[in-house]
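Data first, discussion second: the structure below is written as structure tokens.
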Amino acid sequence: MCRAHPPSKASPPVSDTPYVPRTFPVSVKGVAIRDGQVLLLRNERDEWELPGGKIEIGETPEECLAREIEEETGWSVRVAEILDSWMYHITQVDRHVFIVTYGCHVESHAPVVVSSEHKEAGLFTEAQVPDLPMPEGYKRSVLDWFARSRA
């Protein structure tokens, strides 16, 4: 005699709405410290941020970062290790960006040249960083790179 299998649970109804994944840009940023000061750029939201940008097809994150820093500031850098990564929500425009920060070794003594992408550039000591209008993730990365640079 066969036993009947228990009835299977019914599957939930399938939605008519197709799944649309949320996408977001990835931005690589660099902490560049020269003579005890970190280079920061003031953006259109009047926040200080790290130089960097979006990766282009065919380049590595490190190549992108070196290119972006030179384009935005005139500084030549050698990109070192990853410091941090996080999802940043830009509340003013309700947009998310995945940020990856790297430590950078400055290889030039050129003056800072600000590109048209930013309002101004500034050089700040480690002690000044905590009070700057700047995303907390950037502050963490800057303070981390200052600490690693001393070690």
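Restricting to region 40-67, count the residues that are within 20 Å of Gly137 (Cα to Cα) and either part of a loop (DSSP other than H, G, I, E, B) or among the β-branched types (Val, Ile, Thr) (or both).
8
I need the full set of residues from region 68-94 which are aliphatic (A, V, I, L, M), within 27 Å of Thr23 (Cα to Cα) and not in a loop (DSSP other than H, G, I, E, B), in order please.
If the condition is that a residue be aliphatic (A, V, I, L, M), within 27 Å of Thr23 (Cα to Cα) and not in a loop (DSSP other than H, G, I, E, B), then Ile69, Val79, Ile82, Leu83, Met87, Ile90 are the ones that fit.
Out of all the residues in region 136-151, which are of a type outside the set (Val, Ile, Thr) and buried (at least 18 other Cβ atoms within 10 Å of the Cβ)?
Matches in region 136-151: Gly137, Tyr138, Ser141, Trp145, Phe146.
Looking only at region 94-124, count every residue that is modelled with pLDDT of 90 or more and touching a Ser or Thr at 6+ places or on another chain (Cβ under 6 Å) and tell me the total.
The qualifying residues number 6.
Suppose the filter is buried (at least 21 other Cβ atoms within 10 Å of the Cβ) and over 12 Å from the mean Cα position of the chain (by Cα); does Val77 pass it?
Here the answer is yes, as Val77 does meet what is asked.
One line per residue, one yes/no per condition, for (1) free of Cβ contacts under 8 Å to residues at least 24 places away in the same chain; (2) in contact with a strand residue (DSSP E or B) (Cβ under 9 Å, 6 or more places away or on another chain); (3) within 18 Å of Phe24 (Cβ to Cβ):
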{"position": "Asp46", "(1), (2), (3)": "no, no, no"}
{"position": "Val77", "(1), (2), (3)": "no, yes, no"}
{"position": "His89", "(1), (2), (3)": "yes, yes, yes"}
{"position": "His105", "(1), (2), (3)": "no, yes, no"}
{"position": "Ser115", "(1), (2), (3)": "no, yes, no"}
{"position": "Lys119", "(1), (2), (3)": "no, yes, no"}
{"position": "Glu126", "(1), (2), (3)": "no, yes, no"}
{"position": "Arg140", "(1), (2), (3)": "no, yes, no"}
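If you scan region 37-48, which residues turn out to be crowded, with 18+ Cβ neighbours inside 10 Å and out of contact with any Gly (no Cβ under 6 Å at 6 or more places or on another chain)?
Of everything in region 37-48, those that are crowded, with 18+ Cβ neighbours inside 10 Å and out of contact with any Gly (no Cβ under 6 Å at 6 or more places or on another chain) turn out to be Val38, Leu39, Leu41, Arg42, Trp48.
Conditions (1) modelled with pLDDT of 95 or more; (2) not small (Gly, Ala, Ser), marked per residue:
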position: Val38; (1), (2): yes, yes
position: Leu41; (1), (2): yes, yes
position: Glu44; (1), (2): no, yes
position: Trp48; (1), (2): yes, yes
position: Gly52; (1), (2): yes, no
position: Gly58; (1), (2): yes, no
position: Ala66; (1), (2): yes, no
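The values are calculated or read from the model by the stated rules, or taken from the named source; none is laboratory data. Not measured: the values here are computed from a predicted model. Note that each Cβ is placed from the backbone with ideal geometry, even for glycine, and that neighbours are counted across all protein chains shown.
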